[in-house]
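Below you'll find the structure, written out as structure tokens, and then a few comments.
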Amino acid sequence: MSPRGIAIPDVRERLFDAAERILAREGPSGLTSRAVTTEAGCAKGMLHKHFEGLDELVAELVLARFARTARLAEDLPARAGESTVAANLTEIGHALLTSLNPTTAGLAASTPAASLRIREALKAGAPGFDAIQHSITTYLDAEINTGRLPPTTDTTTTALALVGTVHHLLMTTWEPPTQDPRAQTKNLVKTLLATPTPTTPTTPTT
């Protein structure tokens, strides 16, 4: 709290927000330590007080956004029976898809040090794709119990397909996409939930 009782946003979050704005506005070339602290309204040395450098800032930004989406996904099982299954899955898919702006995702993927730090953190248990996938699986299991999904639904594979595909879209749409990834996510959910139409066996001709 400030002396006047006004809450001051977390410095790390201010730096994250500033970095995202710079990347969206100017691209990776505009991301410098001074630009970030100026954009965030912080002292010049504040970035290096919290991060070793820009690579760590980018990595921690990505991990923070993944963790935020994972927290949203944690609430999904409690929504079983509400809205529609497709709407609920599409919402969490879009939340993951928009957790990072395309330039940030591209920079994280193309910077070896940042990419390595992200992989190591996720492997060590930082909330991310595995946590989101687990929440979606739990939600789908709950929807089977409500009767809105058939008991034969492979919930684990469905969750894996959704998270894996959206992850791919998230990390590649920094290149000019041929389709709107949000529409692709919606179509993916529709396909995953589609009930296969049984084929009628044909009688062999002699």
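Please treat every number below as a calculation from the coordinates, not as lab data. This is a predicted model, so every value here is computed, not measured. In this analysis, Cβ positions are derived from the backbone assuming ideal geometry, glycine residues included, and neighbour counts consider all displayed protein chains.
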Rounded to the nearest 500 deg cm²/dmol, what is the calculated helix-only ellipticity per residue at 222 nm for the chain, with -39500 (n - 2.57) per DSSP H run of length n ≥ 4? -20500 deg cm²/dmol
Of the candidates Ala159, Thr98, Pro127, the farthest towards the positive dipole end of the chain (Lys/Arg Cβ +1, Asp/Glu Cβ -1, centred on the Cα centre) is Thr98
Quote the charge dipole size of the range 10-50 about the Cα centre in Debye, to the nearest 20; the model charges only the Cβ of Lys and Arg (+1) and of Asp and Glu (-1). 180 debye
Helix 129-146 sits off the longest principal axis of the Cα atoms of the chain, rounded to the nearest 10 on a 0 to 90 degree scale, by 40 degrees
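In whole percent, what relative contact order does the range 1-121 give with Cα contacts below 8 Å and a gap of six or more residues?
On the way: 87 pairs, mean separation 33.7, N = 121.
Rounded, it is 28 percent for the range 1-121.
Let's see if you can work this out: charge +1 on each Lys and Arg Cβ, -1 on each Asp and Glu Cβ, no other charges. What is the dipole magnitude of the range 1-147 about its Cα centre, in debye to the nearest 20? Numbers along the way, then the final one.
On the way: 15 positive and 18 negative charges, 119 e Å.
Dipole magnitude for the range 1-147 comes out near 580 debye.
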With contacts defined as alpha carbon pairs under 8 Å and 6 or more residues apart, what's the relative contact order of the range 53-193 in percent? 38 percent
All-pairs alpha carbon distance profile, the chain, 5 Å steps from 0, percent: 1, 7, 13, 16, 15, 13, 11, 8, 6, 4, 2, 1, 1, 1, 0, 0, 0, 0, 0
Looking only at Pro181, Pro28, Pro151, which one moves most when the chain is put into a Gaussian network model with springs between Cα atoms under 10 Å? Pro151
Angle between the Cα long axis of helix 54-74 and the longest principal axis of the chain, 0 to 90 degrees, nearest 10? 40 degrees
In degrees, nearest ten, helix 181-193 long axis to first principal axis of the chain (Cα): 30 degrees
